Structures are given as structure tokens and as C-alpha cells.
1. What's the percent breakdown of Cα-Cα distances in the stretch 178-253 across 5 Å bins, shortest bin first?
2. Debye sum, Cα scatterers, the stretch 367-447, no solvent: what log₁₀ I/I(0) at q = 0.11, 0.18, 0.25 1/Å?
3. State the extension gain, in nm to one decimal, for the chain segment bounded by residue 39 and residue 232, taking 0.36 nm per residue of separation less the distance between their alpha-carbons.
4. Sorted by packing (mean other beta-carbon atoms within 10 Å per residue), highest first, where do 221-227, 54-60 land?
5. Separation between the residue 421 and residue 262 pseudo-spin-labels, each 7 Å from Cα along Cα→Cβ, expressed in nm?
6. What's log10 of I(q)/I(0) for the stretch 51-139 at q = 0.13, 0.16 Å⁻¹, Debye sum over Cα points only, no solvent?
7. Springs between alpha-carbon pairs under 10 angstrom, Gaussian network model over the chain: which of 172, 182, 283 fluctuates most?
8. Between residue 120 and residue 269, what is the label-to-label distance in nm when each label sits 7 Å out along the Cα-to-Cβ direction?
């Protein structure tokens, strides 16, 4: 009995075992410099920076903030300082260790989230594999905020799902979940800048419920209250940080002004539609959330929207490798399965979602727009190249939750052999992750 149970648990978390037992050892075998890197012994040696970790360590060790570092939010430095004192570890070792702990916790916690939102264990497992073996999982072991931010985000999304899908009214359970949502929003806002992303995501999520799902205003009470709570927590978190800045003689919104010091400027740069001028994963991160959103249009009653929703999926392999060519090829192609065409083009639909309720639609919208907001922000504010967009999208759970919901509801759009597509995607993702670990060992990884 114990052996069977252990075997079951091992299979349940096989992607995590592949990460820790295959990819990491293989990366160490190919580049032994990864060992001292992961132990925090060479983490301060930077070629392309790892500057985020350097700045967080500076803030953890010092009681003052300079103008440039106002862009770095206070929760992570506070935790690093506290953890270092509790463990008596050297600051670099403590930073890498704490980051890795939160990273593994986030991987462990996201599996039940996928299982709860999915009607299919297959799609839940596919999403879990892709999240765990994402090329940006390497950032969980770098001392960045990705790991703790991912953990906080998953807690938030789990509580949102509990609220949205609750079938029995249990006051204490609802209160507890609302409390977790509010607290998570505060902590997220103290970890990284999310004010603009949250406003953008919630505004468009509610709009899509009204316009696409045709939900009348009087039925929006649950979503409006939940959204208000998230917004309130996000604002509360920033107010805490804003007051800290004022106490240090800075402006309340100093982090927004400080972006100029990081070479950020508002502008429209069409070249990014063709190249990110940075690693390929940044380019994928610009398009992939948008592709999921477009695919969801397949359920709209409007024929035009349902027609364009199939465009990225007509040449899906091309779209995934280099989105502009795949999308352009799709415009001039009708290469999509007859089943898909008959189900999604010839038959009018009244709502955006037919299989799922509006509750899970709201989760999809919120997650997709949150991921997409990072794509837009990088597109509009990065004058030289779309730095770090890959880790903003693929180093967080929002895109993968959207993918899980998409697979459950729009799998018919994927007309090529789905098993081979998944295996090929997983292989490329895992190989990319292995390369990132090897590059990280030599400080050649450009995050």
C-alpha cells in the first residue's frame, strides 16, 4: 500500500523530479560552474548583471534608498534581511536559497490549481509540465523576485477560484478566501510593480464579461466585489510603499519617474512585431498571450471575430516558432480541420464560452490580460530591446493558467496532432531551460 501510494505521488510530481533530477544534474555535468553559482558562492560575479539580485541585496543590507533603487519594491529585501539573520548565512547564499525555496513551493502549489480549473487531467498535467519545465524556471534559482511573486500569485488565483466556483454558501470559508485575496494583493504590490497591470486586467476582464459573455450588470456583483477587493489590496500595498518613499524624501510615485533612469521611454516601435532584439523567448512572450486571447474569440456570435480567431492556428507550428510568419500564413490559408470549421464558424454562438461558466471565463480573462499587460508595457516602454519580457510572462503562473483553461475550452482549434505538438513543445522548453542553466553558470544568461 505504501509503495503504491509513493509511486502515485512520484508520478504526480514527475516534472519537478525531471527538473531537479535530470535537467539540473545534466547542466552541472556540462558546466560544473553551476554548483558554486547555485550555492551563492559566485552569485555576485556578474557579466550581464543579475543586477536585480544585487540591488535587492543592497536594500536588504542598508537602511537607505537611492533614487534609482526606488524601482525595487521593499518586501523581498525585508525577507532577505530577516532570513539572513535567522539562518546566519552569508547574504548571497541566503538569497539564492530563499529564492529556490519559494520557486519549488510555487511549482508544488500550482498543480492543484490546474486540477481545479480543468475538466481534464490530461490538460492539467500538460500545463503543469510546461510550467515546471519552462525556460524561465531558471530565474527561480537566481535570487530574483520571480519565485516569491509566483508563489503569491498562485495563492491569489487559488482563492479567486474558490470564491468564483463555490456552490455552497459557507460564510467562514468565503471570509477566509476574501481575506487571503486581499492580503495576497497587498503582498504582491509590495513585491513588484503591479498597479498598472492590475487595473488593466480587471478593467478588461469586466468589460469582456459584459460585451463578450453578455452578462447583465446586475449579475456582475460577484465579479465587481472580487475585483474591488484585489484593486483595494493592490492600492493598499502601494500606499505602504509610497509612504516609505515619502519618509525617505522621495515622491509618492517615485518608482514611475525612476523608470527613466533605467532607459525606459514611452513610444511605439513597430520593429518589435518582427524581432525583440533580445532572446527569442522575449519575442514569444510578446505574442503568446495575445494568441490565446484571439483563440478565445472563437466562441463569439459575430462571424468576423470567429473567423479571425482561427488565423493563428491554421499554421500553428509556424505561429509557435515565429508568430508573424505563422499569422500571415494563416491569413492566406484555410488549412484548418473541417470539424473545427463546422463547429466554430458555421454555428453561431451567443456567448464567448459554452463549456465553462462565466466564473472560469473571468479567471481566464484576468490571467490572460495580466500576462498580456507585461507584453504591452515592454512593447511601449523598452526603446532598445524587450528586456526581461520572457521572465515576466513565462516565469509566472498567469500565462500557464490561461493556457490550461484554453486547452479545456478551445482544444478543437489545434488541428495538428496534439500529442506530438505537446511533446515537441515540452522538448524545446526543456532544452531551452537546460541552456539557460548552463549560461547562468557562466553569468551569460540575459534575464
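1. Using 5 Å bins, I get a P(r) of 3, 16, 22, 19, 15, 12, 7, 4, 2, 1 for the stretch 178-253.
2. Values, matching the q order: -0.41, -0.98, -1.18.
3. On the way: separation 193, 0.36 × 193 = 69.48 nm, distance 3.89 nm.
Result: 65.6 nm gained on full extension.
4. Working: 221-227: 16.1, 54-60: 19.9.
The peptides rank, most packed first, as 54-60, 221-227.
5. 3.5
6. Listed by q, the Debye log ratios stand at -0.58, -0.74.
7. Largest GNM mean-square fluctuation: 172.
8. 3.8
Values quoted throughout were computed directly from the atomic coordinates according to the rules given, and no laboratory measurement underlies them. What you see is a predicted model, and the numbers here were worked out from it, not measured in a lab. Note: ideal-geometry Cβ built from the backbone for every residue, glycine included; neighbour counts use all protein chains shown.
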